[in-house]
Structure formats: C-alpha cells, structure tokens
Amino acid sequence: MAGIYIHIPFCRSKCTYCDFASYPRELNKVESYFACLYREIEGRGRELKDRVFSTIYIGGGTPSIVEPKFIVGAIRQIKKFFTLDKDLEITVEINPGTLDEEKVKAYKQVGINRFSIGLQTGYDDQLKRLNRIHTAKDFLICCNLLKGENISADILLGLAGQTEEQVKKTIDLCIAGGVKHISSYALTPEVGTPIYTDYLNGELLSDDEVADIYDKMRAYLKGKGFNRYEVSNFAIPGYESKHNYNYWQRGEYIGLGVSASSHINNRRFTNTYNIDEYLTAIIYNKAPEISSDVIDFEDAKFETIMLALRTEKGIDVKKFNSEFDADFFVEYKKALEKNRPYLNISEDFISIKEEYLYVENGIILEFMKK
Ligand SMILES: C[S@@+](CC[C@H](N)C(=O)[O-])C[C@H]1O[C@@H](n2cnc3c(N)ncnc32)[C@H](O)[C@@H]1O
Ligand code: SF4
C-alpha cells in the first residue's frame with residue numbers, strides 16, 4: 001500500500017504552538033501555488049505510474065481556507081496522473097470556522113470521504129489563548145455541515161491549566177459532533193513559537209501531568225467505544241485512518257507541496273519550507289527537495305521496530321523476519337529480556353502493554369542497542 005500527502009501551506013492566522021509550514025501572510029500566492037502543485041502532481045504521477053496508491057491526505061496549514069475549486073483541482077489532477085486503488089480513502093483537514101455548504105458539496109463530489117477537524121480543546125478561553133480562529137460552538141456547526149460523514153478530530157494535551165475534566169468534556173463535545181476518530185497529541189513546545197515562552201515560564205503541564213491525563217483519557221475513550229490503535233490515535237472500530245496506518249507500517253508515500261516529506265524506493269526526502277523557493281523550483285523544472293537520505297538496511301530495521309511499537313498490534317515478527325532475513329527473537333534477545341515486563345510477547349507479535357505506551361520512547365531505544 002502507498003499514500004499521497006498534499007500540503008496546503010496557508011492559514012488565516014498562526015496558532016501560538018504551531019511550527020508547521022503555514023503562512024498567513026502568503027495568502028496572495030494561493031493561485032500560483034496550486035498552479036505549481038498541479039505540475040508537481042503531474043511529474044510525480046508520471047514517475048510513479050507503476051505504483052498503486054490507496055490513500056490521499058490533504059493537510060496543512062488549513063486546506064479548508066482556500067476556495068474549494070483548488071482542492072477539487074488537486075484531486076482531479078491526482079486521479080489523472082496517478083494509479084489509484086478503487087477503494088480510496090481521501091482525507092481533508094478542516095479548521096472550524098472555515099467550512100460552508102458549498103465546500104462540503106464540492107469535497108464530497110470529488111470523492112473526499114474523511115474529514116479531520118482541528119478542535120484542540122472544547123474551551124473557548126483556551127482556544128483564544130492558543131490564537132485559534134474558532135470557538136467550541138463553531139466546531140459543532142462544522143460537524144453539523146458534515147453530518148453522517150467520517151469525521152476525525154484533533155485535540156491537544158498539556159495546555160496551561162488543563163484538567164482531566166476538561167479533556168473529558170472536550171471528548172464529549174467530539175462525540176456530540178458525531179466524531180468517530182480522535183487524534184490526541186501531547187503539546188510540543190517548539191523553540192521559536194510563542195508557546196515556548198509559556199513552557200519556559202512553567203505554565204504548561206509537566207510530562208508527568210500529561211502522562212496522567214493521557215491515561216485517564218485513554219480509559220475514558222475506551223468506555224466510549226474508542227479503541228487506541230496507536231499511541232495518539234483512537235477510533236471506533238472500522239474508523240482507523242488507513243493513511244496514517246501506512247506510515248506506521250513503514251509504507252511508501254509521496255509528499256507533494258511545500259514542506260511535504262516522502263518515503264519511496266528506500267529514500268526519504270523533504271520539500272522546501274519556503275513558498276517562493278518551491279514556486280521557483282517547479283517553474284524551472286527542478287525538484288523542490290531540500291534533503292534526501294537513503295535508508296540503509298539497519299536503519300530500515302530500526303524504523304520498522306520504532307514505528308510498529310507505537311501501534312496496538314506491534315511488530316509482526318514473521319513479516320519482519322522475512323523482510324530482513326532475520327531471526328527477531330535471537331537478534332533482539334537482550335532488548336526483549338530487559339523490557340519483558342513492559343511487553344506483550346507472542347510468537348507472532350510483540351507490542352508494548354497499553355499502560356506503558358506513553359513511555360514508549362525509552363523502550364524503543366533499547367531495540368536500537370539490541
Ligand atoms: C498541522 S495541524 C493542521 C490542522 C489544522 N490546520 C488545524 O489546526 O485545525 C495538524 C495537527 O497537529 C497538531 N499540532 C500542531 N502543532 C502541534 C504541537 N506543537 N504540538 C502538538 N501537536 C501539534 C494539532 O492538533 C493540529 O490539529
Ligand atoms: S490552523 Fe493548524 S496549521 Fe494553521 S497555524 Fe493553526 S495549527 Fe498550525
């Protein structure tokens with residue numbers, strides 16, 4: 001399986017925690033950006049004609065901020081130049097307050113069948129502090145426009161003063177909106193973003209506090225029928241994201257647009273974060289890449305372990321052994337013994353026990369040492 005990621009680097013304003021390639025001041029470049037994106041789609045599509053792609057993910061930034069004709073155009077262009085599976089999952093990211101009936105109609109007509117809404121928190125004072133452009137009520141209006149569709153919501157953990165009760169109420173709001181999938185991210189205070197100051201001033205929750213809230217949230221979501229299928233991702237069975245699952249399986253994907261990353265043919269590469277550089281590269285028929293790494297055999301093995309251990313299912317031992325001509329239980333004997341209390345170990349799968357998933361990084365590193 002392989003996926004296509006398209007990056008839309010435009011937002012109405014910048015949220016205090018966000019370090020993604022999203023530029024409120026560049027909205028005058030939407031038209032030229034899409035013209036170049038369509039060219040990049042054509043070029044990559046021709047190059048990768050022999051591969052079948054099963055998912056398309058339109059992320060950002062805020063894809064729902066641009067006129068729907070641009071998003072529709074991007075999907076039509078993908079359909080024209082890529083070889084696609086019949087059973088396509090097509091996701092678009094949406095910011096509450098930017099959706100209307102016309103957009104929903106256009107999205108559905110072109111085949112978009114999954115909608116990922118950035119809620120972050122159900123509390124208006126927190127949304128304001130994060131410089132979000134919407135309220136909790138706008139989220140419900142947005143869900144109403146998408147009634148009956150496959151809706152996912154993003155929420156953040158670790159906000160200043162955030163309580164367990166607030167996270168539960170935020171989840172209740174998602175459920176009231178008909179959400180079937182929740183991505184719950186621990187807030188990362190990136191250097192250079194305004195929220196970093198809050199972090200330095202000790203205003204954000206500590207790692208231990210976040211771990212505690214995460215655990216309570218996990219149990220609460222379970223009670224509501226949401227299964228944790230990856231560290232940060234919860235779904236009503238049947239609503240797991242195919243696109244993200246492919247990342248954790250170390251599947252191939254092609255990223256198109258500013259800042260998009262790709263993993264194809266044992267190579268990982270990333271496009272420039274700068275819109276002007278991107279436009280110039282495409283206009284002069286050059287690859288807009290700024291970095292490219294070939295993944296060697298040992299890296300590929302470690303990546304497979306690292307990504308699989310984030311998932312509920314864990315490492316598929318037989319698949320691993322056949323892909324790398326390895327004997328997992330012999331090769332990783334030391335790491336397995338050292339971490340035995342934290343792991344579910346069977347002949348076929350190795351996964352981290354649910355209650356230790358939040359501290360998975362330390363466990364994963366042990367497999368690097370073998
Ligand atoms: C790049 S955003 C795009 C979604 C959309 N623009 C929105 O914000 O509504 C995808 C998600 O990443 C998460 N995110 C962004 N910055 C983050 C940070 N510093 N720490 C943790 N999660 C973050 C947010 O939950 C956000 O919804
Ligand atoms: S709307 Fe999303 S992409 Fe845009 S600044 Fe906020 S978090 Fe970042």
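The values are calculated or read from the model by the stated rules, or taken from the named source; none is laboratory data. This structure is a prediction, so every number in the text was calculated from the model and none was measured. As a convention, Cβ positions derive from the backbone with ideal geometry for all residues, glycine included, and neighbour counts pool all protein chains shown.
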In this structure, is E337 touching a Lys or Arg at 6+ places or on another chain (Cβ under 8 Å), over 30 Å from A21 (Cβ atoms) and outside the structural domain of D215 (by TED's automatic domain parsing)?
no
Output the qualifying pairs, or none if there are none: Cβ atoms under 7 angstrom, residues six or more apart or on different chains, first residue in the range 198-219 and among the polar types (S, T, N, Q), second residue part of a helix (DSSP H, G or I) and at pLDDT below 95.
none
For the range 235-253, how many residues are in a loop (DSSP other than H, G, I, E, B) and among the aliphatic types (A, V, I, L, M)?
1
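This table checks each residue for (1) touching a strand residue (DSSP E or B) at 6+ places or on another chain (Cβ under 9 Å); (2) away from ligand 1 (no atom under 11 Å from the Cβ); (3) in contact (Cβ under 8 Å) with a residue 24 or more places away in the chain.
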residue: I6; (1), (2), (3): yes, yes, yes
residue: D19; (1), (2), (3): no, no, yes
residue: N28; (1), (2), (3): no, yes, no
residue: C36; (1), (2), (3): no, yes, yes
residue: I41; (1), (2), (3): yes, yes, yes
residue: G61; (1), (2), (3): yes, no, yes
residue: I75; (1), (2), (3): yes, yes, yes
Within the range 186-219, work out how many residues are of a type in the set (F, W, Y) and either more than 19 Å from the chain's Cα centre (by Cα) or at pLDDT 95 or above (or both).
2
If I filter the range 31-65 down to residues being in contact with an Asp or Glu (Cβ under 8 Å, 6 or more places away or on another chain) and hydrophobic (A, V, I, L, M, F, W, C), which single residue comes out as surrounded by the fewest Cβ atoms within 10 Å (Cβ to Cβ)?
V52
If you go through A2, A21, the only one that is more than 16 Å from ligand 2 (Cβ to nearest atom) and within 23 Å of the chain's Cα centre (by Cα) is A2
From the set of residues in the range 141-186 that are away from ligand 1 (no atom under 13 Å from the Cβ) and at positive phi, which is surrounded by the fewest Cβ atoms within 10 Å (Cβ to Cβ)?
G148
Being part of a strand (DSSP E or B) and crowded, with 18+ Cβ neighbours inside 10 Å is the filter here, so list the residues in the range 187-231 that pass it.
R228, Y229, E230
